[in-house]
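The values are calculated or read from the model by the stated rules, or taken from the named source; none is laboratory data. What you are looking at is a predicted structure, and each value in this text was computed from that prediction instead of being measured. Quick reminder, even Gly has a Cβ in these numbers, built from the backbone with ideal geometry, and neighbours come from all protein chains shown. Side chains are part of the model used for accessible areas, which takes the heavy atoms of the whole protein and leaves out ligands, DNA and RNA. Shrake-Rupley method; radii C 1.70, N 1.55, O 1.52, S 1.80 Å.
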Amino acid sequence: MNRSFVRFATAALGLVLSASAVAAAPKFQMPFPCKQVWHGNTREDHSPKLAVDLSRAKGEGDKVVAAAKGRVSKVRNLGNRSYGKYVVIDHGGGWSTLYAHLNAYSVKVGDRLEQGQALGTVGNTGTSFGAHLHHEQLLNGALQKIKFDGRGIHYYDGRDRYTDYKSANRCP
Ligand SMILES: [Zn+2]
């Protein structure tokens, strides 16, 4: 092999490796423990539009868990505005997930979480009317259509309509 071919092959391999790193989206799961069923609500006037609101009867105080393995990149309290208490997890490759209106959080910036590990509890903080979890999946800061267990959720239910989803997060 001559030297220029080796250089070319090395560069080509580098391109293939970086392309596969970009393509590898994490397989996000519902941010609740295995087998729990939550009502998902999406609507055109939701801010931001591709987010999902997850709720269930007496859901306030229930455990919220990481949708995928990652590192906590934000833990904030906006008081009675916007997201209220919220957490962001960085999953690498530009992917992140956001969990808002929390009652309380149990993590700090820099914590490494496994998929299914608790990060806080469902609440009604910020601009929220009734306890629910506001959830976002982002790529390089841009909201993506939400997938749970590799399947896209249903858009758009409208303000008073729900689709039920069952969590497969960390199921044995
Ligand atoms: Zn919301």
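Structure summary
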read-out	value
Identity of the residue in segment 120-139, part of a loop (DSSP other than H, G, I, E, B), open to solvent by less than 40 Å² (accessible area, probe 1.4 Å) and among the polar types (S, T, N, Q), that ends up nearest to the ligand (Cβ to nearest atom)	Ser128
Pairs, first over 13 Å from Leu102 (Cβ atoms) in segment 129-144, second assigned to a loop (DSSP other than H, G, I, E, B) and within 9 Å of the ligand (Cβ to nearest atom), C-beta under 6 Å, six or more apart	Glu136/Ala51; Leu143/Pro48
Residue check for His101: within 16 Å of the ligand (Cβ to nearest atom) and not polar (S, T, N, Q)	yes
Hits in segment 140-154 - residues which are over 12 Å from Pro48 (Cβ atoms) and surrounded by 14 or more Cβ atoms within 10 Å (Cβ to Cβ)	Lys147, Phe148, Asp149, Ile153, His154
When residues of segment 155-169 are limited to those that are surrounded by 15 or more Cβ atoms within 10 Å (Cβ to Cβ) and assigned to a loop (DSSP other than H, G, I, E, B), the one modelled with the lowest pLDDT	Asp157
Hits in segment 33-44 - residues which are more than 15 Å from the ligand (Cβ to nearest atom) and open to solvent by 90 Å² or more (accessible area, probe 1.4 Å)	Lys35
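Condition check ((1) within 16 Å of the ligand (Cβ to nearest atom); (2) in contact with a Leu (Cβ under 7 Å, 6 or more places away or on another chain); (3) outside any loop (DSSP other than H, G, I, E, B); (4) under 16 Å from Gly141 (Cα atoms)) across all residues:
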| residue | (1), (2), (3), (4) |
| --- | --- |
| Pro26 | no, no, no, yes |
| Gln29 | no, no, no, no |
| His46 | yes, no, no, no |
| Lys49 | yes, no, no, yes |
| Ala68 | no, no, no, no |
| Asn80 | yes, no, no, no |
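Listed here are the residues, each with its yes/no results for (1) over 16 Å from Val109 (Cβ atoms); (2) open to solvent by less than 30 Å² (accessible area, probe 1.4 Å).
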{"site": "Asp53", "(1), (2)": "yes, yes"}
{"site": "Glu60", "(1), (2)": "yes, no"}
{"site": "Val65", "(1), (2)": "yes, yes"}
{"site": "Val75", "(1), (2)": "no, no"}
{"site": "Gly79", "(1), (2)": "yes, no"}
{"site": "Ser82", "(1), (2)": "yes, no"}
{"site": "Asp90", "(1), (2)": "no, no"}
{"site": "Ser96", "(1), (2)": "no, yes"}
